[in-house]
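Here's the structure we're looking at; comments come further down.
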Amino acid sequence: MDLGEGLRKAIAKLSGATIIDARTIREFNKELQRALISSDVELNLVMALTGKIENAALKEKLPDGISPKEYITNMVYEELVNLMGKDYSPEIKPKRILLMGIYGSGKTTTTGKLAKFYQDRGLGAGVICCDISRPAAYEQLESVAKQAGVGFYGIKGGKDVKEIVSKGLEELKNKKVIICDSSGRSGMDAEMITELKEIDASFRPDERFLVINADIGQVAGRQAREFGSAVGINGVIVTKMDGSGRGGGALSAVNESGAKVAFIGTGEKLADLELYDSKKFVGRLLGMPDIESLIAKVNEAAKSVGVKEMTDINELNFDMFYQQLKAMSKMGPMKNVLGMMGLADVPKEMVEGGESKLKIYESIIGSMTKAERNDEKLVRNPDRIRRIAKGSGRTEKDVRGLLNDFNRMKKIAGLMKNDRAFKKNFSKFAGMK
């Protein structure tokens, strides 16, 4: 069970409560403690947090018009936001950034993600490979940089970090943001500290970030203190938040150490790097919709595949539907997208089924002719259905399933376009004008 699921289950047990008494709060706190401790949040922090909730809930009067569940949920939200730290807003300006971390932290991939983050915001970016200890580090960063569309410099087989930095800065002098990926070790040692200090002196970074794998849980706090003391850090990037049950422990430990979480990695794709915002993060854990992030994700995905806005319902065809599917596939894991919608507890089989259906439909549409993509009536022909199924390696039933879902989408699009009340309410909910 991950932290969010545990928190939501604890809160769900308050649904039938009509009053807040000592027994209700203590039973709730037991569930809350279980969820936090299983996510590797440090025991003293857990006890302090649940103690605050118990004292406040039993001493304060329940406001009029607020249910016990709403009252306690809000209290938990505020306390967790304090526990997990503040948000981060980077200055979008030319800078040099040094990334540090031990083996397995995801540092090299994060280098590419961070470079793409700044390049997407109008600052040409480049990366320097100063990981001289890990085999194939040069090839990996070169590949990641190519995928991200950013500059790259390294000396294959090179061992002098000062030479690599000096030549890298010259090679990438036209880039506004330059990010240096350093070597990792199995732990902080004298050799690593010496190497980092040499890079730091040559590179002269404006920012130093420690990259930490969420799986290490509360050990993240110790790493933040060690690197902060040895080299100095401006913030922490926590990776693999999408698949870790100990992410809450990592975030709370970093905050407790006095360091600041700057970004979190939420998936394997280069776009899966988010600015850290504890309010949004905790809101998703508790099942609250994050419409602002969802809209930004949709717009980014649509832009990346060139999806145009549909102005007339009659324009909707398989070609446009195909582009929409491609955009959806670039939004990251469906679980994350559903979490932004406040639907974090959708059954796993439904999430996996939705993702597999997207892949099936992409292959079917890819087997259609241009005429068929533009006119769905053509696809109703049994002979065409058989040909498309065979060409895509799918069944005729799959092709008919696509037809049915396409027609459903057309009806929904028509409703959104023609129903003024629907559009007004959705726009208000989504924060759009």
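With a Förster radius of 45 Å, plug the Cβ-Cβ distance of ASN174 and SER229 into 1/(1 + (r/R0)^6) and report the FRET value to the nearest 0.05.
Numbers: r = 36 Å, r/R0 = 0.79.
Efficiency computed from Cβ-Cβ geometry: 0.80.
The length gained on full extension between GLU5 and ASP160, counted as 0.36 nm times the residue separation minus their Cα-Cα distance, comes to 51.0 nm.
Each residue of the stretch 177-182 was assigned a 3J(HN,Hα) from its phi angle through the Karplus expression (A = 6.51, B = -1.76, C = 1.60, θ = phi - 60°), giving 10, 10, 10, 10, 9, 9 Hz with x at Gly and Pro. Shown for THR18, THR50, THR239: other C-beta atoms within 10 Å of each C-beta, ranked fewest to most, produce the order THR18, THR50, THR239.
For the stretch 92-197, a simple Cβ point-charge model (Lys and Arg +1, Asp and Glu -1, everything else neutral) yields a dipole of about 480 debye relative to the Cα centre. A full extension of the chain between ASN82 and LYS13 corresponds to an added length of 22.5 nm, given 0.36 nm per residue minus the alpha carbon distance. Note on the stretch 67-189: dipole from Cβ charges, positive end direction compared against GLN147, GLY168, SER183; the farthest Cα belongs to GLY168.
Given 20 °C and 1.002 mPa s, compute D for the stretch 95-285 with the Stokes-Einstein relation, Rh being the Kirkwood radius over Cα pairs; round to the nearest whole µm²/s. List each step's numbers first, then the result.
On the way: Rh = 16.3 Å.
Roughly 131 µm²/s, to the nearest whole number.
Note on ARG387, ARG96, ARG121: ascending count of other Cβ atoms within 10 Å places them as ARG121, ARG387, ARG96, the fewest first.
Only bridges with both residues in the stretch 95-285 count here: give the DSSP antiparallel percent, nearest 5.
Working: 3 of 29 bridges.
In the stretch 95-285, approximately 10 percent of DSSP beta bridges are antiparallel ones.
The overall shape of the stretch 29-113, judged from the alpha-carbon gyration tensor, is prolate: a/c is not under 1.5, and a/b is greater than b/c.
What does the extension gain come out to for LEU403 and ARG34, with contour length at 0.36 nm per residue minus their alpha carbon separation? Each step should come with its number before you reach the end.
Working: separation 369, 0.36 × 369 = 132.84 nm, distance 4.67 nm.
Additional length available on full extension: 128.2 nm.
Calculate, for ALA136 and ARG26, the FRET efficiency according to 1/(1 + (r/R0)^6) with r their C-beta to C-beta distance and R0 51 Å; round to the nearest 0.05. Approximately 0.40, to the nearest 0.05.
Sort 170-176, 104-110 by the packing proxy (mean of other Cβ within 10 Å over each peptide's residues), most packed first. Mind dumping the intermediate values first?
On the way: 170-176: 14.7, 104-110: 22.4.
Per-residue Cβ counts within 10 Å, averaged per peptide and sorted highest first, yield 104-110, 170-176.
Fewest-first ordering of LYS240, LYS86 by other beta carbons within 10 Å of each residue's beta carbon gives LYS86, LYS240. Computed from the Cβ-Cβ distance with R0 of 22 Å, the FRET efficiency linking GLU362 to ARG386 stands at 0.65.
Place a +1 charge on the Cβ of each Lys and Arg in the stretch 3-84 and a -1 charge on the Cβ of each Asp and Glu, then give the dipole magnitude about the Cα centre in debye, rounded to the nearest 20. Spell out each step's value before the answer.
Working: 11 positive and 12 negative charges, 51 e Å.
Result for the stretch 3-84 is approximately 240 debye, rounded to the nearest 20.
By the Kirkwood approach, averaging reciprocal distances over each pair of separate Cα atoms, the stretch 65-160 gets a hydrodynamic radius of 16.3 Å.
How do 372-383, 246-257, 158-169, 199-210 rank on mean C-beta neighbours within 10 Å, highest first?
Working: 372-383: 13.8, 246-257: 26.7, 158-169: 17.3, 199-210: 19.8.
The peptides rank, most packed first, as 246-257, 199-210, 158-169, 372-383.
Just so you know, all these numbers are worked out from the coordinates, no wet-lab data involved. Not measured: the values here are computed from a predicted model. Positions of Cβ are backbone-derived with ideal geometry, glycine not excepted, and every protein chain shown enters the neighbour counts.
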